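These notes are about the structure you will find just below.
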Amino acid sequence: MIDDLPAGLRARHLADADHLRVLAVLDAWWGGLKGEAGATERALLLPRLYFQHFTTTSFLVEREGGEVAAFLVGFLSQTEPETAYVHFAGVDPALHGQGVGRALYRAFFALARSHGRRHVHCVTSPENTASRAFHSRLGFTASPLAPDYDGPGLDRVTFTLDLSAGPVALS
């Protein structure tokens, strides 16, 4: 499924049973970003429905012992036939810089292309500088700050990648 992961890691599609396992790593992986409010916000962004209804377009990476190492929750837009969307992605900080995030996105881009999708969209909080830098390195174009994007006080930076513009920079 994803063949360019570091040794000792394997990928598969998400399953309903992965929901609580993924929620359990969020606070540690995000380093307490935005405190208790951030923890609640992250948990609310990943309800079980993503692990039930978007399994074929989402991925989980595990270590040999079954420990969660990374995930990407994405889907194909039902209202915009040329668009795919990465809803949430995370990589264990111990694996940052080893190509795990790039491998997940590469797999999602391939899936999106195979379904005729031309654009990939995603959002992040303005405080998440690591996410902003990662998406920029992948070739996403960032928007100006979108105030109240996800509700009052929930500002976001939106990103767009044009898959038809040629190879995606994944180095």
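The values are calculated or read from the model by the stated rules, or taken from the named source; none is laboratory data. Source: prediction; values computed, not measured. In this analysis, Cβ positions are derived from the backbone assuming ideal geometry, glycine residues included, and neighbour counts consider all displayed protein chains. To get the accessible areas, we keep the full protein, side chains included, count just its heavy atoms, and leave off ligands, DNA and RNA. Shrake-Rupley method; radii C 1.70, N 1.55, O 1.52, S 1.80 Å.
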TODO: Would you work out which of Val61, Gly116, His96 lies farthest towards the positive end of the dipole of the chain? Charges go on Cβ: Lys and Arg +1, Asp and Glu -1.
DONE: Gly116
TODO: Lys and Arg at +1, Asp and Glu at -1: add these up for the other residues within a Cβ distance under 13 Å of Gly66 and post the number.
DONE: 0
Task: Whole-percent carbon and sulfur share, accessible surface of the chain, 1.4 Å - done: 55
Open item on the list: I'd like to compare 19-32, 89-102: which one has the highest average count of other Cβ atoms within 10 Å, and what's the full order after that?
Closed with: 89-102, 19-32
- [ ] Evaluate the chain: find the radius of gyration of its Cα atoms, find its Kirkwood radius, and give the ratio Rg to Rh.
- [x] 0.93
TODO: Quote the charge dipole size of the chain about the Cα centre in Debye, to the nearest 20; the model charges only the Cβ of Lys and Arg (+1) and of Asp and Glu (-1).
DONE: 380
Task: Nearest-20 debye value, region 81-130 charge dipole, Cβ charges on Lys, Arg, Asp, Glu - done: 280
- [ ] Along Cα→Cβ, 7 Å out, is where each label goes; now give me the distance between the ones at Ala110 and Arg21 in nm to one decimal.
- [x] 2.2
- [ ] Ratio to report: Rg/Rh of region 1-57, with Cα atoms as the point set and Rh obtained by the Kirkwood method; give two decimals.
- [x] 1.04
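Kindly provide the trypsin sites (Lys or Arg not before Pro) of region 26-55 that DSSP labels as loop, not H, G, I, E or B, and whose Cβ sees at most 13 other Cβ atoms within 10 Å. Show your work: numbers first, answer last.
Details: sites: Lys34, Arg42, Arg48; in loops: Lys34, Arg48.
In loop regions of region 26-55 (DSSP not H, G, I, E or B), the sparsely surrounded trypsin sites (Lys or Arg not before Pro) are Arg48.
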Task: Cβ-based net charge around Thr129, under 13 Å, with every Lys or Arg adding one and every Asp or Glu removing one - done: +2
Task: Proximal charge balance of Tyr149 [Cβ under 10 Å; K/R count +1, D/E count -1] - done: -2
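Would you mind getting the accessible area per residue of region 2-143, heavy atoms of the protein chains only, 1.4 Å probe, in Å²?
Ligands and nucleic acids excluded, the figure is 47 Å² per residue.
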Task: Phi to ³J(HN,Hα) by Karplus 6.51 cos²θ - 1.76 cosθ + 1.60 over region 35-50, Hz, x for Gly, Pro - done: x, 4, 4, x, 4, 5, 4, 4, 5, 5, 6, 10, x, 4, 4, 5
TODO: When you have a sec, figure out the Kirkwood radius of region 60-129 from all distinct Cα pair distances and drop it here in Å to one decimal?
DONE: 13.1
Task: In order through region 21-33: 3J(HN,Hα) via Karplus (6.51 cos²θ - 1.76 cosθ + 1.60), integer Hz, x for Gly, Pro - done: 5, 6, 4, 5, 9, 4, 4, 5, 5, 8, x, x, 3
Open item on the list: So if I place +1 on the C-beta of Lys and Arg and -1 on the C-beta of Asp and Glu, and nothing else carries charge, what would the dipole magnitude of region 51-104 be about its Cα centre? I want it in debye, nearest 20.
Closed with: 60
Task: the chain: calculated mean residue ellipticity at 222 nm from DSSP helix runs of at least 4, using -39500 (n - 2.57) - done: -9000 deg cm²/dmol
